[in-house]
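**Student:** This is the structure I want to talk about, given as structure tokens.
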Amino acid sequence: MDLAPLISELASIENSTAPEVLAEFGKDWSGTMESRASLVVFPRSTQEVSAVLRACHARGVAVVPSGGRTGLSGGAIAAHGEVVLSLTKMNQVRHFDPQGMTVAVESGMVTEALHQYLEPHGLVWPVDFASKGSSTVGGNIATNAGGVNVIYRGSTRNWVLGLTVVLMNGEVLKLNGALEKNNTGLDLKHLFIGSEGTLGVVTEAILKCASIIPENKRQVGLASFESFESLLEFFRTLRQTAGLELYAFECLTNQCLREVERLGVRSPLQNPGEIIGLFEFAIPFVDGSPDEEAFFEKLASVPGAEDIVLAQSPREKKEFWAVRERVAESVLLDSYVHQQDLSVPVENLLAYVKAIEKKYQESFSEFEVFIFGHIGDGNLHIFIRKPAGWTAERFETFCVESDRMLFEETAKYGGSVSAEHGIGIHKKPALAYSRTPEEIRIFRDLKRVFDPKNLLNPGKIFDLV
Ligand SMILES: Cc1cc2nc3c(=O)[nH]c(=O)nc-3n(C[C@H](O)[C@H](O)[C@H](O)COP(=O)(O)OP(=O)(O)OC[C@H]3O[C@@H](n4cnc5c(N)ncnc54)[C@H](O)[C@@H]3O)c2cc1C
């Protein structure tokens, strides 16, 4: 298609067709597909976004909304000559209400920049994970991102009050404003949260903030377990009977720990068992109350753990977290890795892990399988490393098979084939493992309501057939 008339119409809005810009902005961090973007536009206001979408709509040109491009599912990839609508120049705070603890921001604001803005006020937008230095608020909303504190704070959805959304025909919707309570019918903003840019482009958001939990009210522990079963017993007891308020509960296998140690990260556990748990919790006292010793004794008596070490300083807290947070990086180091992120209800975790471990041993014994994740949310990351001597093609063929096994087991245990990155392009064939035909039909019906010409991020999540 000749884009010259469109480019001419959009001349007042920053845009580029430079090959390096097209290459960069038309793909995400999965790096699995090359960009075939035809134009990248950088609007600076909701009005400009509306003008771009209206112009593309009139000409039948498809558009891919784009944030920090940190997703790994291909949601932000422009694979078919689409126009990329980058929100990165819309990155300002529009309004801050310290009394209501809300902040209105443009959707291209980087997640960590928002944290930095709120910190001096003692507040945080509690969406926090490793890619926060590049991901944007709009991308977080479009993927309903979670993070390390989901067990305590929930996902992005819990922290969004209002949205400004532009539909493909250029229409602007203002949804809910800053209202915490609004019982006047359907709360339409929720349709856009997690819709991966397929229904509308989020340009502004009014977000709820939480108080920062002071460092001296948080404690971090690492514990060693002989089995996944013991880890889950420990987790259950911590939550149900030890009365601890958990901020995070994470795990990694001993195999993952050995990888992390390749990066020079040291675990304080003397003889780590098969599984390592990391837990962060609210200290039920502040520095040196008389209850401190009794509390530690109580913690040590919680069944399941072979060994528990609590951080003795803020620096140690960070070091303990590094043991968990650097797993992905360490497994990826010098390796060709196939990765999945999945979730099942916590009560099914044990049976699920046993089932998939058995299947990997039976049918894919050549693979090195690394399991780690956010146990408190039932969310596991599964990384598989290409065996030495295998070609990438042979490995990928086997991964298709092993993914099928994984998705079948995930469905069997009531789980989701994507717990974090969305469906995008890459997980489209897996959607039916987690969603019923009736749900997918309604997805398509909704798509036709908001984008009847199928021009906004077409072919992402599902095809409109
Ligand atoms: C190292 C690493 C760790 C990660 N950890 C986590 C984690 O713990 N939890 C988690 O949930 N995710 C995680 N992710 C995935 C990713 O960072 C999140 O999905 C993030 O929310 C994506 O934000 P983004 O701005 O980069 O969006 P992009 O990747 O640019 O886009 C993601 C999707 O959102 C759409 N989109 C982007 N902006 C808008 C907008 N303004 N309006 C409408 N649609 C839009 C895009 O079209 C695309 O479909 C991780 C990724 C990496 C690389």
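**Student:** Tell me the residue from 170, 139 that is open to solvent by less than 40 Å² (accessible area, probe 1.4 Å) and under 13 Å from the mean Cα position of the chain (by Cα), please. Give the steps one after another, and end with the answer.
**Tutor:** Values: 170 fails: under 13 Å from the mean Cα position of the chain (by Cα).
On inspection, the qualifying residue turns out to be 139.
**Student:** Residue under question is residue 392, and the condition is that it be open to solvent by less than 60 Å² (accessible area, probe 1.4 Å) and either at positive phi or within 16 Å of the ligand (Cβ to nearest atom) (or both); does it hold?
**Tutor:** Judged against the criteria, residue 392 is not a match.
**Student:** Can you name the residue in the stretch 404-450 that is in a loop (DSSP other than H, G, I, E, B) and of a type in the set (D, E, K, R) and, of all such residues, is farthest from the ligand (Cβ to nearest atom)?
**Tutor:** It comes out as 435.
**Student:** Identify, please: which residue in the stretch 145-166 is assigned to a loop (DSSP other than H, G, I, E, B) and either near the ligand (Cβ under 9 Å from one of its atoms) or modelled with pLDDT under 95 (or both) and is, among those, surrounded by the most Cβ atoms within 10 Å (Cβ to Cβ)?
**Tutor:** Our first condition is that a residue be assigned to a loop (DSSP other than H, G, I, E, B); within the stretch 145-166, this holds for 145-149, 154-155.
Filter again for either near the ligand (Cβ under 9 Å from one of its atoms) or modelled with pLDDT under 95 (or both), leaving 145-149, 155.
Details: 145: 27, 146: 24, 147: 21, 148: 23, 149: 23, 155: 22.
Looking at residues that are assigned to a loop (DSSP other than H, G, I, E, B) and either near the ligand (Cβ under 9 Å from one of its atoms) or modelled with pLDDT under 95 (or both), I get 145.
**Student:** With 67, 71 as the choices, which residue is open to solvent by less than 20 Å² (accessible area, probe 1.4 Å) and of a type outside the set (A, V, I, L, M)?
**Tutor:** Unique residue meeting the criteria: 67.
**Student:** Just to check your reading of the model, which residue among 366, 357 is assigned to a loop (DSSP other than H, G, I, E, B), of a type in the set (Asp, Glu), more than 26 Å from residue 77 (Cα to Cα) and open to solvent by 10 Å² or more (accessible area, probe 1.4 Å)?
**Tutor:** It is 366.
**Student:** Within the stretch 38-75, how many residues turn out to be outside any helix (DSSP H, G or I) and farther than 15 Å from residue 12 by Cα?
**Tutor:** Residues meeting the conditions: 17.
**Student:** Looking at 34, 24, 20, which is the one that is out of contact with any Gly (no Cβ under 6 Å at 6 or more places or on another chain), more than 10 Å from the ligand (Cβ to nearest atom) and modelled with pLDDT under 95? Break it down into steps so the answer makes sense when it comes.
**Tutor:** Working: 24 fails: modelled with pLDDT under 95; 20 fails: modelled with pLDDT under 95.
From the options 34, 24, 20, the qualifying one is 34.
**Student:** Limited to the stretch 223-261, what total is found for residues that are assigned to a loop (DSSP other than H, G, I, E, B), touching a Leu at 6+ places or on another chain (Cβ under 8 Å) and closer than 26 Å to residue 127 by Cα?
**Tutor:** Result for the stretch 223-261: 1.
**Student:** Here's another thing I want to ask about it. Can you pull out every residue in the stretch 1-38 that is of a type in the set (D, E, K, R) and open to solvent by 50 Å² or more (accessible area, probe 1.4 Å)?
**Tutor:** Residues of the stretch 1-38 that are of a type in the set (D, E, K, R), as a first pass: 2, 9, 14, 20, 24, 27-28, 34, 36.
Passing the criteria: 2, 9, 14, 20, 24, 27, 34, 36.
**Student:** Here are some residues: 386, 447, 428. Which one is within 30 Å of residue 173 (Cβ to Cβ) and either hydroxyl-bearing (Ser, Thr, Tyr) or open to solvent by 20 Å² or more (accessible area, probe 1.4 Å) (or both)?
**Tutor:** It is 428.
**Student:** Tell me which residues, restricted to the stretch 121-144, are within 10 Å of the ligand (Cβ to nearest atom), small (Gly, Ala, Ser) and assigned to a loop (DSSP other than H, G, I, E, B). Show your work before the answer.
**Tutor:** Applying the first criterion (within 10 Å of the ligand (Cβ to nearest atom)) to the stretch 121-144 yields 127-144.
Now drop any that are not small (Gly, Ala, Ser), which leaves 130-131, 133-135, 138-139, 142.
130, 131, 133, 134, 135, listed by residue number.
**Student:** OK, next. Would you mind finding the one in 279, 225, 249, 234 that is open to solvent by less than 20 Å² (accessible area, probe 1.4 Å), modelled with pLDDT of 95 or more and over 21 Å from the mean Cα position of the chain (by Cα)?
**Tutor:** 225
**Student:** Still on this structure, I have one more. Kindly evaluate residue 264 against the criterion of being modelled with pLDDT of 95 or more, part of a strand (DSSP E or B), under 30 Å from residue 119 (Cβ atoms) and more than 15 Å from the ligand (Cβ to nearest atom).
**Tutor:** no
**Student:** Answer yes or no as to whether residue 260 is open to solvent by 10 Å² or more (accessible area, probe 1.4 Å) and under 22 Å from the mean Cα position of the chain (by Cα).
**Tutor:** The answer is no for residue 260.
**Student:** Oh, and also: Is it fair to say residue 327 is closer than 21 Å to residue 240 by Cβ and either in contact with a Lys or Arg (Cβ under 7 Å, 6 or more places away or on another chain) or of a type in the set (Val, Ile, Thr) (or both)?
**Tutor:** No, not satisfied.
**Student:** Kindly provide the set of residues from the stretch 195-217 that are within 13 Å of the ligand (Cβ to nearest atom) and either open to solvent by 30 Å² or more (accessible area, probe 1.4 Å) or farther than 15 Å from residue 158 by Cβ (or both), ordered by number.
**Tutor:** Passing the criteria: 195, 196, 197, 198, 199, 200, 201, 202, 203, 204.
**Student:** Taking interchain pairs and intrachain pairs at least six residues apart, which have beta carbon atoms under 8 angstrom, with the first residue in the stretch 220-235 and closer than 14 Å to residue 374 by Cα and the second of a type in the set (Asp, Glu)?
**Tutor:** Close Cβ pairs satisfying both conditions: 228/274.
**Student:** Quick one: in the stretch 345-354, of everything that is open to solvent by 10 Å² or more (accessible area, probe 1.4 Å) and in contact (Cβ under 8 Å) with a residue 12 or more places away in the chain, which residue is nearest to residue 388 (Cα to Cα)? Let's see the steps before the verdict.
**Tutor:** Narrowing the stretch 345-354 to residues open to solvent by 10 Å² or more (accessible area, probe 1.4 Å): 345-348, 350-351, 354.
From what is left, the residues that are in contact (Cβ under 8 Å) with a residue 12 or more places away in the chain are 345-346, 348, 350-351, 354.
Working: 345: 35, 346: 35, 348: 34, 350: 30, 351: 31, 354: 26 Å.
Restricting to residues being open to solvent by 10 Å² or more (accessible area, probe 1.4 Å) and in contact (Cβ under 8 Å) with a residue 12 or more places away in the chain, the top hit is 354.
**Student:** Residue check, residue 335 against (1) within 16 Å of the ligand (Cβ to nearest atom); (2) crowded, with 17+ Cβ neighbours inside 10 Å, all met but one. Which one?
**Tutor:** Tallying (1) within 16 Å of the ligand (Cβ to nearest atom); (2) crowded, with 17+ Cβ neighbours inside 10 Å, residue 335 fails exactly one: (2).
**Student:** Report the residue count in the stretch 309-332 for those that are open to solvent by 70 Å² or more (accessible area, probe 1.4 Å) and in contact with a Pro (Cβ under 9 Å, 6 or more places away or on another chain).
**Tutor:** The total comes to 1.
**Student:** Here's a follow-up. Quick one: in the stretch 76-116, of everything that is part of a loop (DSSP other than H, G, I, E, B) and among the hydrophobic types (A, V, I, L, M, F, W, C), which residue is farthest from the ligand (Cβ to nearest atom)?
**Tutor:** Of the stretch 76-116, the ones part of a loop (DSSP other than H, G, I, E, B) are 76-82, 87-92, 98-101, 107-109.
Okay, now just the ones that are also among the hydrophobic types (A, V, I, L, M, F, W, C), so 76-79, 87, 90, 101, 109.
On the way: 76: 4, 77: 8, 78: 9, 79: 12, 87: 5, 90: 8, 101: 22, 109: 10 Å.
Among those residues, the one meeting the criterion is 101.
The values are calculated or read from the model by the stated rules, or taken from the named source; none is laboratory data. As the structure is a computational prediction, the values presented were derived from the model and not from experiment. Cβ sites come from the backbone with ideal geometry, for glycine too, and all protein chains shown count toward neighbours. The area values use the complete protein model at the heavy-atom level, side chains included, leaving out ligands, DNA and RNA. Shrake-Rupley method; radii C 1.70, N 1.55, O 1.52, S 1.80 Å.
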